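Data first, discussion second: the structure below is written as structure tokens.
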Amino acid sequence: MNHFYQSTADPFLVKYQLIFSYLFLGIVITLFFNIDHNLWLIVQKSVSDAYIQVSTFVAGTLLLFYTLEKSFKIDIGVVLQKNRKLEVILSSFLGALPGCGGAIIVLTQYIRGKISFGSVVATLTATMGDAAFLLIAKEPLTGLSIMLVGFIVGTFSGLIVNLIHSKYFLKLTGCDIIKSNLKSDVYKASKKLDILWMTLIIPGFLIGILSAFQIDLDSFFKSNLVKNPITLYGFIAGSLCFIMWVIPILSGFKYQPSTNKDNIFRRTVSDTNFITGWVILAFLTFELIVYFFDIDLSIIFQSYVYLIPLIAILIGFLPGCGPQVLVTTMYLSGFIPLSAQIGNAIANDGDALFPAIALHPKAALIATLYSAVPALIFSYSYLFFFE
């Protein structure tokens, strides 16, 4: 899920991105001080919480991961090819890592005809996608436990699939492999915005750590001029992340896995913005549904408790991380049980499903259906025995 923008776009678009971003930030700062409305307060808090509670930790994790990757010159694709006996285990491990980057690496190797279909099932079963960052940031022990479960379930699922099918099952043809190497235009980001982004994330990371220990920084730093300075800071920084993610999409450019492993900061900025965008949308969706419809979701879900894990698993079939982040948000808010979160985590494939659908839809469909089996078993087992 390393969405790195390369330099094939018109430089005018980069300048446009910079101007529009500053204009957007100016507007949201003005609105922050002049609109005192419940709806606007919900938007402010949702964007700020997404940045402080999730984005800062995502940025720190990715920065560490990419730095280690570059320092030790790790090439996951080569590692997979050189360790055939451990292929499924390594694929499951990569899938279990927070985010979609590891799973996309495995899918890339499969599309090139380098690894087995069992490895695809292993990584898609193990991956929780970007929702893992949110869960780890809020409930570290639960997040790490689900990652471990995903790794174990993914490994066994992949090994069983390889026993059922031959190593050539659903292999791509030479024409398909050539097709997968075709690239579309991608977006060139502004270096000035990247610098501003990195400048904001440094104190943001410290704020995130202190907030995780339930320290009310707004009360500590409040003044007559600014009542909630930390919320304002998170709102401004989160808005910057969101607009930097949205503009390339509005400009008609597509994300693609990064091939430039040397630009650590650009990869960190791009990937964090992608995750932040979905987390903001998930937070807003949840909060606005409750606000507009004035409903008590806990009562609704308690009435259909035995169907909730199944619904969460079905949502896991949807490609992309947005729906999965929403499920995790509802779990963290106490509206769905842990069994539903477990089922969704095992069933969902995150963004890794997109390249599989685009280049080998049959393999994507079958791998997704295979992941549903352990998802149903583990989610309902946890529901009946522990909840």
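Residues in the stretch 316-332 that are at pLDDT 85 or above and not in a helix (DSSP H, G or I): F317 alone. Residue check: is V78 of a type in the set (V, I, T), surrounded by fewer than 17 Cβ atoms within 10 Å (Cβ to Cβ) and modelled with pLDDT under 90? Spelling it out, V78 is indeed of a type in the set (V, I, T), surrounded by fewer than 17 Cβ atoms within 10 Å (Cβ to Cβ) and modelled with pLDDT under 90.
Of all residues assigned to the stretch 98-109, none qualifies as being at pLDDT 85 or above and either crowded, with 24+ Cβ neighbours inside 10 Å or over 15 Å from H360 (Cα atoms) (or both).
Residues that are closer than 22 Å to L134 by Cβ and surrounded by fewer than 22 Cβ atoms within 10 Å (Cβ to Cβ) were ranked within the stretch 332-367; the one that is nearest to the chain's Cα centre (by Cα) is F354.
For G154, indicate whether it is farther than 16 Å from T328 by Cβ and surrounded by fewer than 22 Cβ atoms within 10 Å (Cβ to Cβ).
no
Regarding L206, is this residue modelled with pLDDT of 85 or more, under 16 Å from D49 (Cα atoms) and touching a helix residue (DSSP H, G or I) at 6+ places or on another chain (Cβ under 9 Å)? When the stated conditions are applied, L206 passes them. For the stretch 93-123, the set of residues classified as assigned to a loop (DSSP other than H, G, I, E, B), within 16 Å of the chain's Cα centre (by Cα) and farther than 10 Å from A352 by Cβ consists of L97, P98, listed by residue number.
The values are calculated or read from the model by the stated rules, or taken from the named source; none is laboratory data. No experiment lies behind these values; they were computed from the predicted model shown. Here Cβ is always computed from backbone atoms with ideal geometry, including for glycine, and neighbour counts include all displayed protein chains.
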